[in-house]
Amino acid sequence: MSKEQSMKHESFGQISFSRCNGSERFYGSEIQQDNYIQLKISLSEKNMDLTCERYYPYERLVQIRLTSSQFAELITSLNNGSGVPCTLEYLPGDIKKRVLPVLESRKEFIHKQFKQRMKGFSQTLKDVQSRVLHTINKKTLSKEDVRQLTNDVSYMTTEIESNIPFFSECFQETMDKVVIEAKTEVENAIQHKINVLGTDALRRNNDKSIQENSPF
């Protein structure tokens, strides 16, 4: 009888997706997740005998994790855009798991930028106030004085009517995205739990039916 035959080649690969539990942070996500998707790609060995073929992973090449939202976007946006952010856990040559650095959130970034903008705006207002007080104390105004006053008024009008509301809109948009992402992740976690419970219930009912119908 023929023995089992094994084959390895640098082009043989094996890929798997797993749903994992555990609190993790993710590149490209504003919120920490307790449920996520993990992707592994490994070198593969092919074993054959007379009855079947089997494939075994034997060396991990890459391991990444994605939020449920990132995974859904990945598989539903083929040929669209430049890809989806993912968190690298292992690459060839890595001895230990890669640790994601603590990243500044977009909410924190906008808040910091707004604070800096307001600091600069406050200083500019002080400068404008000083120039205006100096100018109005003059007996006559030159064309340059009028031009400077006009520019100062235009700057303050633009800042109050356009720039400050823009920061507010950016902040609100970011918060809306965070809320939507959080709701999506919660819904995915609930749906996964329902699926697991449903599968377990079907298995128990199936086992019970088999026992009831068994002649022994």
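The values are calculated or read from the model by the stated rules, or taken from the named source; none is laboratory data. Only a predicted model underlies this, so the values are computations on that prediction, with no experimental measurement involved. Note that we place each Cβ from the backbone using ideal geometry, even for glycine, and neighbour counts take in every protein chain shown.
Only one of the numbered conditions (1) more than 27 Å from residue 169 (Cα to Cα); (2) modelled with pLDDT of 90 or more; (3) among the hydrophobic types (A, V, I, L, M, F, W, C) is not met by residue 50, and that is (2).
Of the candidates 10, 30, the single residue that is of a type in the set (Asp, Glu) and farther than 17 Å from residue 92 by Cβ is 30.
Each residue in the range 26-44 was checked for being in a loop (DSSP other than H, G, I, E, B) and modelled with pLDDT under 90, and 5 pass.
Evaluation of residue 126 against the conditions (1) surrounded by 11 or more Cβ atoms within 10 Å (Cβ to Cβ); (2) more than 27 Å from the chain's Cα centre (by Cα); (3) closer than 30 Å to residue 167 by Cβ shows that the sole unmet condition is (1). Any residue that is part of a helix (DSSP H, G or I), at pLDDT 75 or above and polar (S, T, N, Q) - is there at least one of those in the range 99-117? Yes: the range 99-117 contains one or more residues that are part of a helix (DSSP H, G or I), at pLDDT 75 or above and polar (S, T, N, Q). Suppose we keep only residues that are part of a helix (DSSP H, G or I) and of a type in the set (S, T, N, Q) within the range 55-85. Which one would you say is surrounded by the most Cβ atoms within 10 Å (Cβ to Cβ)? Looking at the filtered set, the residue picked out is 69. Considering (1) in contact (Cβ under 8 Å) with a residue 12 or more places away in the chain; (2) more than 15 Å from residue 33 (Cα to Cα), the lone condition that residue 76 does not fulfil carries the number (1).
Evaluation of residue 156 against the conditions (1) touching a residue at least 24 places away in the same chain (Cβ under 8 Å); (2) within 31 Å of the chain's Cα centre (by Cα); (3) surrounded by 11 or more Cβ atoms within 10 Å (Cβ to Cβ) shows that the sole unmet condition is (2). Could you check residue 51 against (1) more than 16 Å from the chain's Cα centre (by Cα); (2) surrounded by 10 or more Cβ atoms within 10 Å (Cβ to Cβ) and say which number it fails? Looking at each condition in turn, residue 51 falls short on (2). Among residues of the range 28-57 that are under 30 Å from residue 3 (Cβ atoms), those with a beta-carbon under 7 Å from a residue that is acidic (Asp, Glu) and in a loop (DSSP other than H, G, I, E, B) at least six positions away or on a different chain give the pairs 47/4; 48/4; 49/4. Quickly run through the range 45-54 and pick out the residues that are charged (D, E, K, R) and either closer than 22 Å to residue 89 by Cβ or not in a strand (DSSP E or B) (or both). 49 - this is the single residue of the range 45-54 that is charged (D, E, K, R) and either closer than 22 Å to residue 89 by Cβ or not in a strand (DSSP E or B) (or both). For residues that are more than 17 Å from the chain's Cα centre (by Cα) and in contact (Cβ under 8 Å) with a residue 12 or more places away in the chain, tally how many sit in the range 101-117. Final tally of qualifying residues: 5.
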